[in-house]
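All of the numbers you see were taken from the coordinates with simple rules; none came from a lab. All values derive from a computational prediction rather than experimental measurement. All Cβ positions, glycine included, derive from the backbone under ideal geometry; neighbour counts span all protein chains shown.
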Amino acid sequence: MSEEQTTKEPPKEAESSELKLDGIYAFKAGMSAVYNEAGESIPVTVLRYEPWIVSQLKTKESDGYSAVQIACRPKKVSRTSKAQKSHLKQAGFENGAYFVREVRCELPEGVDVGQKVSINSVTAGDTVRLTSKSKGRGFTGVMKRHGFAGGPASHGSGFHRRPGSIGNCEFPGRVMPGRKMPGQFGNVVVTVKNVKIVEIIPEENVILVKGPVPGAKNNIVKIVKA
């Protein structure tokens with residue numbers, strides 16, 4: 001028999017037992033650009049994926065809804081309560097985890113505590129919904145917070161960046177709820193819909209999504225299939 005016939009290909013490893021969910025979490029690394037086949041530049045946000053481990057399975061019978069709880073980034077120093085330690089110990093987190101989140105979905109077949117969540121839960125070309133916390137900008141005026149035009153910029157105006165009149169006539173004689181006023185700007189949960197995943201790079205644990213993503217660098221971002 002020839003060498004080609006006698007030499008057998010090594011058996012391919014069975015597909016990893018990593019779990020695929022309808023949603024995962026990643027961390028914002030920054031923005032960049034990639035080129036498609038037509039040579040067009042596509043602005044992308046780089047999301048860094050870190051290993052997430054299944055820490056609890058929630059069912060309708062015990063919790064009222066179905067979800068998979070996942071944990072990430074183990075703590076090096078024991079600064080967690082005994083309850084947290086015992087809860088996450090089965091998932092391999094002896095001292096607890098910095099991030100514990102959940103993905104609401106029907107429990108996949110064969111899912112178990114301690115299983116790793118795969119970055120391939122989402123694939124290139126998928127349309128997803130991104131949820132993140134926007135940058136906090138502190139207390140701001142109406143021009144920055146709501147985009148008011150402001151008053152004349154000329155000398156002697158006396159009305160430059162103020163909101164203007166906020167009251168009503170004799171009736172109802174009060175400021176109505178919802179009036180756009182100065183106040184806290186940003187630091188709120190923002191959801192961006194219909195975002196396209198441009199590329200997945202498993203060997204670098206990187207997910208590239210088209211366009212900007214709310215939040216600062218290292219912010220945690222929830223990625224859910226639309």
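Residues in segment 178-226 that are of a type in the set (D, E, K, R) and in contact with an Asp or Glu (Cβ under 7 Å, 6 or more places away or on another chain): 225 alone. Restrict the check to segment 87-94 and report whether at least one residue is within 30 Å of residue 212 (Cβ to Cβ) and assigned to a loop (DSSP other than H, G, I, E, B). So far as segment 87-94 goes, no, none of its residues is within 30 Å of residue 212 (Cβ to Cβ) and assigned to a loop (DSSP other than H, G, I, E, B).
Selection within segment 158-186: residues that are among the polar types (S, T, N, Q) and without any contact (Cβ under 8 Å) to a residue 40 or more places away in the chain. The member of this set that is nearest to residue 215 (Cα to Cα) is 165. Output yes when any residue across segment 124-133 is in contact (Cβ under 8 Å) with a residue 12 or more places away in the chain, closer than 17 Å to residue 190 by Cβ, surrounded by 15 or more Cβ atoms within 10 Å (Cβ to Cβ) and of a type in the set (Ser, Thr, Tyr), and no when none is. Yes, the conditions are met somewhere in segment 124-133.
Condition check for residue 109 on (1) in contact (Cβ under 8 Å) with a residue 12 or more places away in the chain; (2) more than 18 Å from the chain's Cα centre (by Cα); (3) not in a strand (DSSP E or B): one failure, at (1).
One residue stands out among those in segment 134-157 that are touching a residue at least 24 places away in the same chain (Cβ under 8 Å) and in a loop (DSSP other than H, G, I, E, B): the one that is farthest from residue 216 (Cα to Cα), which is 148.
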